[in-house]
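One structure is given below, encoded as structure tokens.
Derivation of every value follows stated rules applied to the coordinates shown; laboratory data play no part. Remember, predicted model here, so these are calculated numbers, not experimental data. Methodologically, a virtual Cβ is constructed for each residue, glycine included, from the backbone with ideal geometry; neighbour enumeration extends over all protein chains shown.
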Amino acid sequence: MDELKKDFPILNSSNVAYLDSGATTQKPQAVIDAVDKYYKTQNANPHRGAYSLSIEATRVYEEGREKIAQFISSETSSQIIFTKNASEALNLIAYSYGLENLKKDDEVVLSIMEHHSNLVPWQFVTKKTNSKLKYMYINENFELSDEEIYSKITDNTKIVGITHVSNVTGTINDVEKIIKYAHKKGAIVVLDASQSIPHMKIDVQKLDADFVVFSGHKMLSPLGIGVLYGKKNILENMNPFLMGGDMIEYVYEQETTFAPLPSKFEAGTQNVGGVVGLCAAIDYIEMVGYENIQKHEKEVVNYAINKLKELDYIKLYITPNESNHSAVVSFNIIGVHPHDVASILDANGVCVRSGNHCAQPLMRYLGIDSTCRASFYLYNTKEDVDKLVDSIQKAYKMFEKYLSK
Amino acid sequence: MDNLEELYNDIIMEHSMNSYNKKELKSCDFCEMGHNPNCGDEIKLEVKLNGDIIEDMAFTGHGCAISQSSTSVMIDVLKGKTIKEAKDIIETFINMIKREIKDEKELEKLEDAIAFKNISNMPARVKCALLAWHTMEELLNKKGE
């Protein structure tokens with residue numbers, strides 16, 4: 001597995017310890033080549049031209065949809081909607097489903113771990129519809145307890161928004177349990193798989209989720225391509241989100257009829273190059289295999305956690321239950337601001353994120369302003385961890401004599 | 001790394017960790033909140049005037065060593081100055097960070113705040129250093145209204 005790093009040009013040329021894959025991953029040569037080949041030999045506007053190049057671009061685009069449907073075990077490829085990222089997919093759901101279906105006193109229930117993208121749109125639609133927004137809070141292990149799930153999701157709950165893996169704590173939520181219970185209560189579930197699908201197999205039918213969203217760029221694909229999966233009957237009953245070219249059937253001066261799925265939700269010229277890159281990313285992930293990815297990540301992440309635990313000035317924000325923890329490790333040097341730590345790490349060739357990680361309500365709930373976050377992926381090695389730990393020690397040394405004890 | 005150790009120098013560290021300027025004034029004439037939403041840094045500046053002179057200043061809030069020390073050093077520099085002098089110093093500081101100062105002599109009026117000169121080599125941290133200065137600029141502009 002340590003050989004995989006060679007497949008990533010940016011990691012070869014810059015020699016940094018890249019520990020910010022939770023924000024975006026680096027891209028393997030195979031993905032870069034696939035996109036390059038598309039623009040060199042296959043590019044035209046799909047669904048438009050009668051000429052062979054346009055037909056080729058259409059073929060590439062639609063075969064990509066098929067591939068993604070198979071990858072996540074969707075019933076049909078028409079339930080795969082391309083978006084620019086998970087945020088756009090979540091906004092689509094909030095506007096086209098939430099705004100239309102929520103009524104006064106209905107409830108939307110989210111976890112406090114949600115990324116702003118699965119939180120702010122729900123604030124907007126619950127305010128617009130006079131419905132209520134409620135949160136499931138985490139316990140001292142940074143996990144949602146059963147009691148919390150069962151007490152917050154009620155007969156009034158119509159929508160549950162839940163992230164599969166927290167981008168701050170790395171907690172893997174028991175989404176199967178949440179989905180089952182939400183359905184029992186008559187609610188639909190919006191699953192944010194952005195932080196999970198790079199690391200684990202997603203089977204939308206097995207999960208029985210009503211909506212699943214993810215961004216390509218967090219799973220080795222280029223920026224600017226995301227996926228929305230939805231159950232067919234739900235998608236068919238929804239209004240379009242964005243309107244324009246390619247999502248229509250007949251357009252009259254005053255009226256329009258819309259195209260069937262999936263085109264109904266894909267207005268304007270789509271990101272075919274992005275789909276090509278996403279498909280190549282899936283090939284790469286499948287070539288390595290989720291089992292190997294997980295085994296390798298576990299080894300590297302556990303090594304990191306153990307090393308960090310040896311430093312008594314480090315506070316970790318992770319669950320002690322190893323099986324519920326993914327590849328994200330949030331930490332702070334006690335008394336030192338994360339931005340200062342991140343700058344010092346950067347000067348030592350270590351890339352970590354610092355800040356609130358687009359999760360301000362979670363930060364407020366935890367009583368902190370921000371954290372440093374090291375997030376790992378298949379190309380990270382124990383050497384990356386050693387670099388991280390070395391530079392944390394350097395950062396601490398710089399601040400040590402000024403820290404008021 | 002060299003740049004960085006130059007930046008995290010004694011002035012900046014002392015001011016960021018245990019600043020005597022970090023407190024609330026018993027009474028103040030003006031106060032202004034400043035924040036960087038992307039990183040969560042927040043400060044509240046309090047100013048007490050005596051006529052045209054900044055008689056006393058203090059701050060509260062939280063943030064990184066750069067934003068906290070920059071605030072504290074700014075208070076040291078601006079205390080006792082007239083509003084006009086303060087505006088001029090603020091402008092000079094902002095221009096120093098933007099590397100728009102041609103004549104190095106101009107920087108003398110910044111006193112200890114010259115310690116932040118090298119922040120311009122770290123684009124990701126420029127906004128941390130400027131937070132207090134922009135907030136004070138805003139406060140003084142409002143005061144003139």
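Before moving on, here are some points about what is shown:
- Around the Cα centre of chain A, unit charges on the Cβ atoms of Lys, Arg, Asp and Glu (plus for the first two, minus for the last two) sum to a dipole of about 660 debye.
- Under-5 Å amide H pairs with A:Leu110, H placed in peptide plane, nonlocal only: A:Lys134, A:Tyr135, A:Met136, A:Gly161
- Whole-Å distance, taken between Cα centres, linking segment A:100-118 and segment B:98-126: 47
- Lys-Lys pairs in segment A:1-81 that are eight or more residues apart or on separate chains and whose Cα atoms lie under 23 Å of each other come to 9.
- P(r) tail, segment A:31-285: Cα-Cα pairs separated by more than 33 Å, 20% of all pairs.
- Modelled spin labels at A:Asp246 and B:Asn95, positioned 7 Å past Cα toward Cβ, are 5.1 nm from each other.
- Simple point charges give the picture: +1 on the Cβ of Lys and Arg, -1 on the Cβ of Asp and Glu, and for segment A:50-155 a dipole about the Cα centre of about 520 debye.
- Rounded to the nearest 10 degrees, the inclination of helix B:83-97 to the longest alpha-carbon principal axis of chain B is 20 degrees.
- For chain A, the longest principal axis of the alpha carbon atoms and the long axis of helix A:52-71 meet at an angle near 60°.
- Among the GluC sites (Glu not before Pro) found in segment A:274-366, those both in a DSSP coil and sparsely packed, with 12 or fewer other Cβ atoms within 10 Å of their Cβ, are A:Glu310.
- A dipole drawn for segment A:31-285 from +1 and -1 charges on Cβ atoms has a positive end, and of A:Val109, A:Phe142, A:Val227 the residue lying farthest that way is A:Val109.
- Computed over the protein assembly as shown, the convex hull of the alpha-carbon atoms projects to a mean area of 30.1 nm².
- Residue pairs, from the table A:Lys315/A:Lys387; A:Lys103/A:Lys152; A:Lys218/A:Lys382; A:Lys298/A:Lys387; A:Lys315/B:Lys79; A:Lys206/A:Lys295, whose Cα atoms sit over 26 Å apart: A:Lys315/B:Lys79
- For B:Glu104 and A:Leu403, the FRET efficiency from 1/(1 + (r/R0)^6), where r spans their Cβ atoms and R0 equals 25 Å, is about 0.15.
- When the helices of chain A are scored as -39500 (n - 2.57) per DSSP H run of n ≥ 4 and the total is divided over every residue, the value at 222 nm lands at -11500 deg cm²/dmol.
- Dipole-positive endmost among A:His183, A:Thr154, A:Gln205 within segment A:31-285 (Cβ charges, Cα centre): A:Thr154
- DSSP-assigned coil residues among GluC sites (Glu not before Pro) in segment B:1-79, each with at most 14 further Cβ atoms within 10 Å: B:Glu24
- Per DSSP, loop chymotrypsin sites (Phe, Trp or Tyr not before Pro) in segment B:52-142 with at most 14 further Cβ within 10 Å: none
- Mean residue ellipticity, 222 nm, helices only, chain B: the sum of -39500 (n - 2.57) across DSSP H runs of n ≥ 4, divided by residue count and rounded to 500, is -13000 deg cm²/dmol.
- 10 Å Cβ shell holding at most 11 others, DSSP loop, chymotrypsin sites (Phe, Trp or Tyr not before Pro): longest site-free stretch of chain A: A:52-251
- Its alpha carbons considered, chain B gives a radius of gyration followed by a Dmax of 14.3, 46 Å.
- Links that overshoot a 25 Å alpha carbon limit, given the list A:Lys128/B:Lys142; A:Lys84/A:Lys264; A:Lys307/B:Lys22: A:Lys128/B:Lys142; A:Lys307/B:Lys22
- Range in chain B, longest, excluding exposed trypsin sites (Lys or Arg not before Pro) [loop by DSSP; at most 13 other beta-carbon atoms within 10 Å]: B:27-97
- Under 15 Å, Cβ to Cβ, from A:Tyr303 - net charge with Lys/Arg +1 and Asp/Glu -1: -3
- Centroid-to-centroid, using Cα positions, segment A:183-210 and segment A:317-342 are 26 Å apart.
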